[in-house]
Number of protein chains: 4
Amino acid sequence: MAGSCKRRTFAALMVHLESDYNNGAHEVVLRHFLETNTERSQSYGDDRFSQQARASIREACGAPDAQVYFLAGGTQTNATIIDSVLQPYEGVLCCETAHINVHEAGAVEFTGHKVLVVRPNQQEADHAGSGTSDGKLHATDLRAWLENYFADDTAEHMVRPGMVYITFPTELGTLYTADELRSLHEVCEAYHLPLYVDGARLAYGIAASPDVTLPLLAQLADIFYIGGTKCGALCGEAVVFPKGNAPSHMLSRIKQHGALLAKSRVVGVQFDALFADGLYLSLGSDAVRLAMRLGHLFVDVLGYRPFIDSPTNQQFYIIPNEQLENLRRHIGFEVWCPVDAQHTACRFVTSWATTEAEIAELEQELVWNAAGNACL
Amino acid sequence: MAGSCKRRTFAALMVHLESDYNNGAHEVVLRHFLETNTERSQSYGDDRFSQQARASIREACGAPDAQVYFLAGGTQTNATIIDSVLQPYEGVLCCETAHINVHEAGAVEFTGHKVLVVRPNQQEADHAGSGTSDGKLHATDLRAWLENYFADDTAEHMVRPGMVYITFPTELGTLYTADELRSLHEVCEAYHLPLYVDGARLAYGIAASPDVTLPLLAQLADIFYIGGTKCGALCGEAVVFPKGNAPSHMLSRIKQHGALLAKSRVVGVQFDALFADGLYLSLGSDAVRLAMRLGHLFVDVLGYRPFIDSPTNQQFYIIPNEQLENLRRHIGFEVWCPVDAQHTACRFVTSWATTEAEIAELEQELVWNAAGNACL
Amino acid sequence: MAGSCKRRTFAALMVHLESDYNNGAHEVVLRHFLETNTERSQSYGDDRFSQQARASIREACGAPDAQVYFLAGGTQTNATIIDSVLQPYEGVLCCETAHINVHEAGAVEFTGHKVLVVRPNQQEADHAGSGTSDGKLHATDLRAWLENYFADDTAEHMVRPGMVYITFPTELGTLYTADELRSLHEVCEAYHLPLYVDGARLAYGIAASPDVTLPLLAQLADIFYIGGTKCGALCGEAVVFPKGNAPSHMLSRIKQHGALLAKSRVVGVQFDALFADGLYLSLGSDAVRLAMRLGHLFVDVLGYRPFIDSPTNQQFYIIPNEQLENLRRHIGFEVWCPVDAQHTACRFVTSWATTEAEIAELEQELVWNAAGNACL
Amino acid sequence: MAGSCKRRTFAALMVHLESDYNNGAHEVVLRHFLETNTERSQSYGDDRFSQQARASIREACGAPDAQVYFLAGGTQTNATIIDSVLQPYEGVLCCETAHINVHEAGAVEFTGHKVLVVRPNQQEADHAGSGTSDGKLHATDLRAWLENYFADDTAEHMVRPGMVYITFPTELGTLYTADELRSLHEVCEAYHLPLYVDGARLAYGIAASPDVTLPLLAQLADIFYIGGTKCGALCGEAVVFPKGNAPSHMLSRIKQHGALLAKSRVVGVQFDALFADGLYLSLGSDAVRLAMRLGHLFVDVLGYRPFIDSPTNQQFYIIPNEQLENLRRHIGFEVWCPVDAQHTACRFVTSWATTEAEIAELEQELVWNAAGNACL
């Protein structure tokens, strides 16, 4: 009978793994707001906090000539940067699952530029067998696209490629290896195309990568942004032009796009906190460790198959449909896509805000459940 | 001799009156961030804080059907709202000194719309004598512009007016009276043009106005925004469509403009704090009171002439050029424009962060100075 | 020896089949310019010629309420119409080979709208076997795309579909059957999406189709344009809104897009000529008949394989690479794409300007050549 | 009595002076279409006619390195050129009556750029007394605007000037002297701003000017266009970058703006005709001569006052209101603006199509009328 059901004792438990932007800010960030609140400051990026944060980012990236701009959010950053870097007749190259191609409400096209999708070589993709993309833009596919374009007599009637966009980590949580980045960098260099890396979740990517560091990124990318919103800040993204290669009049361009904060310290204070004492990278590590522990639970203990093999804070597992409802009582997560009539791929996202305790309780709860103790 | 100069004892004093966005946030706002930080929330505007803030704003405006959207900054808000409300072939009417016409780096035109400047009737303006605009758009001038436009056979080859933009308070700190707003509202209604009120400094305007309240604004304006950045928040503006008259698919439109915050609680939490317990209006009152006290000091005690008669937190005085340097040692302010060869109009801005103590010290210092005690 | 080579006698022969826009205008069109040249007329679309042409088009389409606008060229027409019909947050759906997706230099995205590509169901496409697209957007694929979109929880973060674009004939010369158009119309109606038909080569499409007529098009399409540039005119396209369903202020919209001709008679006179006495459809028939005769020559006599089975004035054949050079001495044509290491698909385009004599000579020449008489 | 009224014998007479675009094309232009109609040609600007026309224009301008592009109409040309030359954060400077500021339906703003109005120094303007602008942008006003802008600390928040736009002749038919152009050129050079001359009516301007020639224009302007639509062509404008200074990828840019004609010979043939044998300049002279004769009739014979002193084909006279109706029976003209309660300024435009006979008849008619013979 219901009264004897142990489930109730866990009633308070709901571990939120829907996304990495459903929290407040890392406590160090909030504390920095408090400490600096009464200080008066310059505005429009000239405040002392933004200046300090810029210096820290330059140092962390080993890029003393880097220009750093602070914007408020990811879509805003992508649209502003892509539009500012491209010539009007140019488009931006990316893979099909790229955030700018799918989930930004057409913000890039809204600035007048085509998003040019590079598809994987079909034969190879089929060979891989799974039918699932790995969410990456591969250098060989990019090169093939470019060769094809420049061989076309009618190229001038088509949108000229002006930039290459990738995300690190990708939408599917996967990571480019240092070698993959080098290959992309080479193709981009050969075709004089800037390589732009969207780092909305960069903290988790750098933390999880065996060989990609901020300094390496600063060498291989022409532009990248260090995501704050999903990585410990209330809001804010730091755009880095590592070689001092920002377009002219960048301040006016950012303002035109509605992306210039008068009270620029809002983001400056946050990145000042995130880049003092290595907080940015350490909070990424914590989240990735918990994601791996979740993976162990899901795969090794509960026997779910991974939908894609992700080493970062976004985890994707294939869940039998009849277990979805029960799972939802314990975890908040996102349905990703149907896999077959009986299974659904779901996304579970840890973040800097996920705690050891939450995952431990989840382990206890789900194992207990799997042992047949669940009651409705 | 320098040693006997008393000035040194005030060395630490520098009252910052350059702008109302060189501070952090009101302590109640920061405290609310702390209190709510560990709570998990929905995103993209669905979070509990944004919902609560919306409810409070609806109530404060006496507009139960109002739709409320939270954006991050003023230029962003103006560009997004104007572009979303206008048809592509329409422009926005405003007076020459309007913020959108001068200081937004062309963000409105960047979205494809002409800013249509309504000039005052020259004869009347000359009659007024001062040569100084009062920063307002007057209903008679607006009506004359519209009559002229619609009488023109070639109107279809010109930009069609699609909206009227004013600021409350204006760029010059002045305020429309309730009757002036009513007259504008009538002209707008007659021509089926929505009236949009930019309230970047609305807290100070409402606090200073004898007859304009939030509910009145919600009756007379078709759209207005309640400024946060300059009125106690770290960032954020609340756009109100008081009659539930927002354009369709507003969320997608906001996102397209790069103005949708994933972690929407960032602004939600702040407006939740600002609109609980009447904080928004009371902080405006405090700043206005100190501005009036500053005016008394400048005009009645020190004998400066006002450049314009402003009842709000932006004060403009005509300073003899030879006193500018000395004044700068005590106060941070902005040079507005030259008045004649010997005088300069300067702007002094109080805010929610200005303290009684600061103004008191300033009085003491400046009076002491004026008494001939200054030393260099 | 060279002296005995008969080729020289054909030296003058070069039948131009590169495109249908490398000629002047149909002589009836030019004659109409001459006849009307000294007449003074209204401008911006109010001239008597444009009015007459509009009346003729309405009659030919059996659409007495149709609104007809004359623009100058195809890309201009597509960008202007699509941008005018769509809401800012909407995109236009089309198949991958659509002209707007490939060969308009991103003119649609330049107006701020995403081109949303509907891909064929892979399984079916593979089943078809050829690997060659038929250049059409199929109703089943369209419906699947739309179902998918509207089932997505994140739809508001994606570009909303606002219109469906097809060409008649397609880029590959193929034609939708009346039933295929009806199916597309049904899907569009179910989803409240206007169906827009790009008729750059409409004269050839209608002439070749067994069941699609102008009146049927006017019933099934919400907007279509009757191409002039490729169908007998010097320049000009007639946009038809068959149900009087043009967006408001269309004249201003067209002008904004730089597409309003002051001297509107320029296009008016041409469409007046093209739609008097059925010239438009009869010149299409002539070109299609010659295209079929060319097909007979290429396939039945010379043994080339068609690359795609086109019933219209654009013909695509697979030519052995070693014969390309020789063929080029007799015909101007366009290389379409490589088929395999030894073969290339080429496009041959007849038009209203192609003559019986040209095709006859070509037959003689190529048969004579094929008989082994060619010399270099 | 009515029966004896001679007016009836003139019933057929209506001299059309409403505009210079209500005719067909100069007969030499039409003839050239006929002569070349059956020739096959390249497209997108590579046709032999466009190439020949470009060579003739280069020669007429004494600018062997000039790049010449052919577009279809004036608004299209202005929007395309201005948008292609400006950086996104730049605006275009012009005087208040400039065509781009008033009568292009906001086409420039539609491409994202602010039209920055340079107002005349009020004191001087008042001194001039008439209250009527001369339709020109004066170098001193331009310089003052620029000095002001660059002295402003907040310049980066305002739209940066990126180009100067003037028309030759102006909207009011007036002409810049060679010295005035030199002064503008100097200011532009000092501020690194390209000077762009809109020559929609250039034929009439050059014909009427005592000292401005095409070669001088090619020296002093950085970009200008030679108007065809109003000067003998059916349609078409020739944009000249005299120093080979066109922006990169101009063809793609033109196409993006919907301004690239596939069948480029349409404009090529026309400019080929207009620039062979000096036709362009001679047709301008003819129209100006007739405009002067009209001026003699209106001022010296009929006693009307000129509204503005125009030396070109656009003439402006002040007509007593009670004579408007009668005048309209003889001449088609445009009402420009009311002058006072009893008088209206009207515009009378001659063109290449106006004939000696028409003006002669008009003289006869109006003099006869003025002698009191009019009957209603």
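Just a few scattered comments:
- Residue tally, condition assigned to a helix (DSSP H, G or I), buried (at least 22 other Cβ atoms within 10 Å of the Cβ) and among the aliphatic types (A, V, I, L, M), over the stretch A:260-282: 5
- Members of the stretch B:112-163 found to be among the charged types (D, E, K, R), at pLDDT below 95, crowded, with 16+ Cβ neighbours inside 10 Å and out of contact with any helix residue (DSSP H, G or I) (no Cβ under 7 Å at 6 or more places or on another chain), listed by number: B:134
- Within the stretch C:89-101, the set of residues being more than 10 Å from chain A (Cβ to nearest Cβ) and over 17 Å from the mean Cα position of the chain (by Cα) comprises C:92, C:93.
- Residues that are touching a Ser or Thr at 6+ places or on another chain (Cβ under 9 Å) and among the charged types (D, E, K, R) within the stretch C:167-183 comprise just one, C:171.
- For residue A:31, the conditions (1) assigned to a helix (DSSP H, G or I); (2) touching a strand residue (DSSP E or B) at 6+ places or on another chain (Cβ under 8 Å); (3) within 12 Å of another protein chain (Cβ to nearest Cβ); (4) within 20 Å of residue B:263 (Cβ to Cβ) all hold with the exception of (2).
- Residue ID - nearest to the other protein chains (Cβ to nearest Cβ), chosen from residues in the stretch D:44-76 that are under 26 Å from residue D:277 (Cα atoms) and of a type in the set (Val, Ile, Thr): D:68
- Pair list, Cβ under 8 Å, 6 or more apart: the stretch C:312-327 residue assigned by TED's automatic domain parsing to the domain that holds residue C:361, other residue assigned to a helix (DSSP H, G or I) and of a type in the set (S, T, N, Q): C:326/C:369
- Leading residue by the ranking (nearest to residue D:222 (Cα to Cα)) among those in the stretch D:191-201 that are touching a residue at least 60 places away in the same chain (Cβ under 8 Å) and within 18 Å of the chain's Cα centre (by Cα): D:196
- Condition broken by residue C:245, with the remaining ones in (1) in a loop (DSSP other than H, G, I, E, B); (2) assigned by TED's automatic domain parsing to the domain that holds residue C:33; (3) crowded, with 18+ Cβ neighbours inside 10 Å satisfied: (3)
- Against the test of being assigned by TED's automatic domain parsing to the domain that holds residue D:229, modelled with pLDDT of 95 or more and assigned to a helix (DSSP H, G or I), the options D:108, D:92 yield a single qualifying residue, D:108.
- Among the residues listed as B:104, B:109, the single one being without any contact (Cβ under 8 Å) to a residue 24 or more places away in the chain, within 14 Å of chain A (Cβ to nearest Cβ), crowded, with 23+ Cβ neighbours inside 10 Å and not small (Gly, Ala, Ser): B:109
- Unique residue being surrounded by 20 or more Cβ atoms within 10 Å (Cβ to Cβ) and either out of contact with any Pro (no Cβ under 9 Å at 6 or more places or on another chain) or on the phi > 0 side of the Ramachandran plot (or both) when the list is B:240, B:288: B:240
- Qualifying residue in the stretch D:206-222 (condition: crowded, with 24+ Cβ neighbours inside 10 Å and over 26 Å from residue D:292 (Cβ atoms)): yes
- Leading residue by the ranking (surrounded by the most Cβ atoms within 10 Å (Cβ to Cβ)) among those in the stretch C:31-62 that are of a type in the set (A, V, I, L, M, F, W, C) and over 22 Å from the mean Cα position of the chain (by Cα): C:49
- Residues within the stretch A:141-190 that are touching a residue at least 12 places away in the same chain (Cβ under 8 Å), out of contact with any strand residue (DSSP E or B) (no Cβ under 6 Å at 6 or more places or on another chain) and assigned to a loop (DSSP other than H, G, I, E, B), tallied: 7
The values are calculated or read from the model by the stated rules, or taken from the named source; none is laboratory data. On a predicted model such as this, the values are computed, not experimentally measured, just so you know. Here Cβ is always computed from backbone atoms with ideal geometry, including for glycine, and neighbour counts include all displayed protein chains.
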